[in-house]
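Written below as C-alpha cells is the structure these notes are about.
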Amino acid sequence: MPVTIGAKLENDFTNPLGLLQDCHRRIERFLGVIVEIIRETKGQHLDDQQRTALTTALRYFREAAPKHTEDEEVSLFPRLRESGGEAATDALNAVERLEADHVKAKSWHEQIEALGQRWLADGALGEQDSLRFQELSDQLVTLYQEHIDIEDNQLFPKARTVLTAEHLKAIGAEMADRRGIPHTLVLPVRRDENPNP
C-alpha cells in the first residue's frame, strides 16, 4: 500500500489536459487507499504502513486536489467559455455539473479530513464515525467515477479541438504557478501538437 506524492507522471505543463488526466489517476489512487484502509480496519487500530498511507492520502486531498479544482475552474473552464463555437458549447454542457461535483467533493473531503485526523490522533474511530468515514469514502468513489469519466472522455477531447496553442500554454503556465514552479520550466506548446494553433 505504499504511496508517493510527487511520483513521475507521463505529462508535464506543456500538455495541461494530459496533466489533468494524470491528476485523475492520482485522485483514484489516493481515494483507493482511503477506501482500502477503512474497509480493512473498520476505523480501528492502524499499523505503521496504514498510518503512513492514510496520512499521505489525506495530505494529497488537503493540499494537491484543491489545485486540480482550480486548474479546471480558474484556468480551463473560462477558456472553454471564451472559445465559442459548437464544439465549445458541447463541452460546456457538462461544466455546470462538474462545478457542482467540486462543491460536493470539497465538503465530503473536509469531513474525511476531520475524521481522519481524529483517527490518527486517537488511534481509532468510534462506530458512528467509522461508518460515516466509510459512507463518505463510498460517496466520493461514486462521484469521482462519473466526474472523471465525463472529463476524460467528453470534456477534455472536445477541449483539445477548440483550445488554441496559446490557451494551452497559458493554462500550463497557470497550473505551474499554482504549484510554485517557475514559468521558465514550462516550455512553449509546439504548434504542430494542437490542431487549432
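Exactly one residue out of 151, 146, 110 is closer than 30 Å to residue 48 by Cβ, part of a helix (DSSP H, G or I), within 15 Å of the chain's Cα centre (by Cα) and not polar (S, T, N, Q), and it is 110. Does residue 6 qualify as being at pLDDT below 90 and within 14 Å of the chain's Cα centre (by Cα)? Spelling it out, residue 6 is indeed at pLDDT below 90 and within 14 Å of the chain's Cα centre (by Cα).
Of the residues 171, 181, only one is in contact with an Asp or Glu (Cβ under 8 Å, 6 or more places away or on another chain) and surrounded by 14 or more Cβ atoms within 10 Å (Cβ to Cβ); which? Every option except 171 fails the conditions. In the set (1) modelled with pLDDT of 95 or more; (2) over 18 Å from residue 83 (Cα atoms); (3) buried (at least 19 other Cβ atoms within 10 Å of the Cβ), residue 146 fails one condition alone, (3). Candidates are the residues of the range 98-121 that are of a type in the set (D, E, K, R) and under 16 Å from residue 37 (Cα atoms); the one that is surrounded by the fewest Cβ atoms within 10 Å (Cβ to Cβ) is 113. Within the range 78-96, is even one residue in contact (Cβ under 8 Å) with a residue 12 or more places away in the chain, at positive phi and touching a His at 6+ places or on another chain (Cβ under 9 Å)? Within the range 78-96 (the criterion being in contact (Cβ under 8 Å) with a residue 12 or more places away in the chain, at positive phi and touching a His at 6+ places or on another chain (Cβ under 9 Å)), the answer is no, since none of the residues qualifies. Residue 49 meets all of the listed conditions (1) farther than 18 Å from residue 149 by Cβ; (2) of a type outside the set (Gly, Ala, Ser); (3) at pLDDT below 95; (4) surrounded by fewer than 19 Cβ atoms within 10 Å (Cβ to Cβ) but one, namely (3).
Taking the stated definitions as given, is residue 27 in contact with a Gly (Cβ under 9 Å, 6 or more places away or on another chain) and under 29 Å from residue 120 (Cα atoms)? When the stated conditions are applied, residue 27 does not pass them. A count restricted to the range 122-141 and to residues that are in a helix (DSSP H, G or I) and either touching a helix residue (DSSP H, G or I) at 6+ places or on another chain (Cβ under 8 Å) or surrounded by 14 or more Cβ atoms within 10 Å (Cβ to Cβ) (or both) stands at 12. Does residue 96 satisfy the condition of being more than 19 Å from the chain's Cα centre (by Cα) and over 18 Å from residue 60 (Cα atoms)? Answer is no for this residue. Checked against the criterion of being of a type outside the set (S, T, N, Q) and closer than 30 Å to residue 123 by Cβ, the candidates 40, 82, 86 yield just one match: 40. So which residues in the range 164-194 are in a loop (DSSP other than H, G, I, E, B), over 21 Å from the mean Cα position of the chain (by Cα) and modelled with pLDDT of 80 or more, if there are any at all? Across the range 164-194, the qualifying residues are 164, 182.
Those helices (runs of 4 or more DSSP H) of the range 33-85 in which 2 or more residues are touching a Gly at 6+ places or on another chain (Cβ under 9 Å) and among the aliphatic types (A, V, I, L, M) occupy 48-59. Taking the range 33-71 as the range and being in contact with a helix residue (DSSP H, G or I) (Cβ under 7 Å, 6 or more places away or on another chain), in contact (Cβ under 8 Å) with a residue 40 or more places away in the chain and within 30 Å of residue 173 (Cα to Cα) as the test, the residues that pass are 55, 57, 58, 60, 61, 62, 65, 67, 68, 70, 71.
The values are calculated or read from the model by the stated rules, or taken from the named source; none is laboratory data. Small disclaimer: the values here were computed from a predicted structure and weren't measured. Note that we place each Cβ from the backbone using ideal geometry, even for glycine, and neighbour counts take in every protein chain shown.
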